[in-house]
Every structure is written in structure tokens, then in C-alpha cells.
Amino acid sequence: MSKGKNGLSYADAGVDIDAGNALVEKIKPLVRSTRRPGADSEIGGFGGLFDLKAAGFSDPVLVAANDGVGTKLKVAIEAGKHDTVGIDLVAMCVNDLVVQGAEPLFFLDYLATGKLDPEQGAAIVGGIAEGCRQAGCALIGGETAEMPGMYQEKDYDLAGFAVGAAERGQLLPTDDIVEGDVVLGLGSSGVHSNGFSLVRRIVAISGLGWQDSAPFAEGRSLAEALLEPTRIYVKSILGAIRGTHGIKALAHITGGGFPDNIPRVLPEEYAAEIELKAIDVPPVFRWLAAEGGVAHDEMLRTFNCGIGMIAVVAAGQAAQVAAVLQQAGEHVTTLGRLVPSREHGVIYRGRLDL
């Protein structure tokens with residue numbers, strides 16, 4: 001018997017309010033685990049609160065960033081592994097804050113899906129909470145949207161929003177960048193969260209499945225290796241900024257690679273002279289280049305190629321800054337220096353070892 005004219009419910013249309021409430025209960029302990037000075041309220045209200053005074057700031061400038069994970073999510077969805085993409089989401093936002101000298105304070109997430117699965121949602125938010133803990137910021141709220149017809153049942157998308165702060169006058173880049181400043185590179189954890197449309201095309205060409213062994217990572221499946229989360233540089237970099245006062249500029253190497261990201265933080269009269277042979281290129285990039293026949297310059301513009309963050313440092317303090325970063329767990333490589341140039345950008349010496 002068909003339902004009456006007024007017999008439909010929201011659940012009949014594909015939206016399960018009870019599943020949403022179940023997810024909120026599952027993630028409350030995860031949210032509590034990210035508490036920090038300035039943020040200690042429960043989720044569930046209409047907005048998140050943050051107290052800048054309690055966080056120790058006296059005359060702060062707020063810095064905001066938002067980002068997503070891109071088509072790396074397709075790998076997670078197809079492989080059924082959802083516990084690390086939340087780290088990527090946080091990383092892509094907070095790394096953009098710290099390059100401006102800002103301490104990440106709080107984070108909000110947006111999860112949209114075709115069919116809400118509380119277990120899957122909890123795994124995703126678990127990764128977001130882990131990312132927030134790594135960055136030292138509080139997860140103070142978010143939104144979960146169940147949108148049948150907009151997304152297929154297993155598909156979902158993520159967006160993140162982070163706010164940080166720096167005391168007035170302490171933002172980066174500084175105004176004293178000069179010829180001879182040293183360029184340091186901080187090692188990446190892998191592909192991070194850029195270039196996955198090309199990665200997925202190369203995987204398709206290779207004929208490998210996500211559960212097959214990764215040709216470039218012994219003992220790991222292809223999905224596990226490619227889903228290695230984006231490195232979060234916040235605590236190590238803030239320690240170096242505050243402990244040495246030698247960092248003049250930072251560039252997060254995301255989409256656009258070296259040629260598009262490094263010039264964003266340099267004065268127009270300078271270029272970064274980079275020795276590419278100094279980079280210890282991780283095996284995943286060699287595999288991508290070989291399997292996909294990707295040209296050298298295309299690799300540099302699409303992927304981080306092993307360097308996830310660039311620091312421009314006063315020459316006399318380069319060794320000190322590098323030592324502080326290494327003590328914090330970073331793999332630091334001296335890549336080059338700043339030179340006067342009419343062509344604002346990056347000057348390459350040598351080639352990547354692909």
C-alpha cells in the first residue's frame with residue numbers, strides 16, 4: 001500500500017537525524033581530548049567559544065585559513081580507510097597559519113556525505129582530533145551534513161577552518177629579508193594532500209589495486225602508503241621561531257610545488273637559488289615519476305618531492321635554527337640561498353634524483 005500524501009518523513013528522504021545524534025555522542029570524547037587554554041567548552045552549542053586572554057595573548061592579530069583534502073579522499077573511500085584523512089585536513093590549514101608566525105588556536109570541520117555512517121564519521125573525526133592534538137589547537141565545533149542525491153552513499157567531502165594568532169609585530173615574513181639568507185627545507189612525510197588526481201591516474205595506469213603491496217614501501221599496501229598523512233610542522237616551527245628569532249619567512253609547499261609557493265613569501269627583487277641534488281627524494285616520488293612518465297618540471301610543480309616546508313633564515317643563525325628543528329624531529333636540508341634577481345621566483349641548480 002502506498003503512503004499517504006503527508007506520510008513521508010525526513011528519514012524516508014534519506015536523512016537520518018538519529019545517526020547524526022549518535023555521531024555527536026561518539027565524538028564528544030575526541031573533542032575533549034583537544035582542549036587547550038582558551039577553549040574548554042563542550043560541542044553541541046550553536047557556536048564555539050575561544051578566550052584569547054586565557055590563551056596568553058595581550059595584543060593579538062588573528063590569522064585564518066581554510067582548506068580541504070582533495071581527491072586523496074577518493075583513495076580513503078575506495079580503500080575503506082578513514083582514520084587518517086582528518087589529520088590531512090587539519091595539517092593543510094594549520095601549516096598555512098604557522099607560515100605567518102601564528103599559533104593555531106582552534107579548528108572547525110565540515111563533513112558532507114550521502115549517507116551518514118556513525119562509525120565512519122567517528123573514524124574521520126578521530127583523525128581530525130589527532131591532527132588538532134599534533135597542532136596544539138582545540139576542535140571547538142563543526143557541521144555534519146547528510147545530503148542524499150548530492151553525494152553517493154559512500155562518498156564524503158571534508159573542509160576545515162582554522163584560526164590562529166600572533167602578537168602584533170611578530171607576523172611573518174619579516175621586512176629584513178636580504179641577499180644571502182639561507183633556504184632550509186623540512187622533509188615531508190610523503191605526497192601530503194596535493195596532486196592526487198594525478199596520483200590516482202598513475203595508479204590506474206599501473207594496474208595495481210589499493211590493497212596490493214606498494215612498490216615503493218615494503219610491508220605496506222598501496223593505500224596505506226599513499227594515505228600517509230600530511231606532516232604537521234606547527235610545534236617544531238613555533239619552537240624555532242620563539243627559540244631563535246632567526247626565521248624570516250616560511251612557505252608551505254602545497255599545490256604548485258616550489259615554483260608557485262616559495263615566491264609568495266619573498267620580496268620581488270629576490271629569488272631563491274635551490275640546489276635540487278641536495279633533496280633526498282622519497283621513493284614514492286620516484287615511482288610516480290617513472291610509472292606515470294611525469295616530466296621533471298611537472299613533478300616540481302605538482303608534488304612536494306620530499307620537502308613540505310621551506311624556511312628562509314638569517315645566514316648567521318642557519319645552523320642554530322636547523323639544530324632546533326632537528327631536535328624537534330624534523331629532517332632539515334640546506335637547499336640554497338636568496339640572490340638578487342629580476343625574475344622573482346626560484347632558480348634551480350641541478351636536477352632532482354628521480
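Taking helices (runs of 4 or more DSSP H) as the structural unit, those lying wholly within region 242-311 and holding at least 2 residues that are farther than 25 Å from Asp67 by Cα and not acidic (Asp, Glu) correspond to 283-292. Would you confirm, using the coordinates I've provided, whether Lys248 is of a type in the set (Lys, Arg), open to solvent by 30 Å² or more (accessible area, probe 1.4 Å) and either modelled with pLDDT of 95 or more or touching a His at 6+ places or on another chain (Cβ under 9 Å) (or both)? Criteria not met by Lys248. Reported count of residues in region 252-294, each being on the phi > 0 side of the Ramachandran plot and surrounded by fewer than 20 Cβ atoms within 10 Å (Cβ to Cβ), is 2.
Taking region 91-179 as the region of interest, the strands (runs of 3 or more DSSP E) fully inside it that hold 1 or more residues being closer than 15 Å to Val61 by Cβ and not β-branched (Val, Ile, Thr) are 103-113, 156-167. Does Asp109 meet the test of being in contact (Cβ under 8 Å) with a residue 12 or more places away in the chain, open to solvent by 10 Å² or more (accessible area, probe 1.4 Å), charged (D, E, K, R) and on the phi < 0 side of the Ramachandran plot? When the stated conditions are applied, Asp109 passes them. Annotation note: of Gly243, Gly239, Gly255, the sole residue that is closer than 26 Å to Gly350 by Cβ and small (Gly, Ala, Ser) is Gly255.
Restricting region 155-206 to residues that are free of Cβ contacts under 8 Å to residues at least 24 places away in the same chain and among the aliphatic types (A, V, I, L, M), which is surrounded by the fewest Cβ atoms within 10 Å (Cβ to Cβ)? Looking at residues that are free of Cβ contacts under 8 Å to residues at least 24 places away in the same chain and among the aliphatic types (A, V, I, L, M), I get Ala204. Do we find a residue being at pLDDT 95 or above, hydroxyl-bearing (Ser, Thr, Tyr) and more than 12 Å from the chain's Cα centre (by Cα) anywhere in region 83-101? The answer is no, given that none of the residues of region 83-101 is at pLDDT 95 or above, hydroxyl-bearing (Ser, Thr, Tyr) and more than 12 Å from the chain's Cα centre (by Cα).
The values are calculated or read from the model by the stated rules, or taken from the named source; none is laboratory data. Quick caveat, the model's predicted, so the values are computed rather than measured. Quick reminder, even Gly has a Cβ in these numbers, built from the backbone with ideal geometry, and neighbours come from all protein chains shown. The protein model used for the area step is the full one, side chains on, heavy atoms only, and it has no ligands, DNA or RNA in it. Shrake-Rupley method; radii C 1.70, N 1.55, O 1.52, S 1.80 Å.
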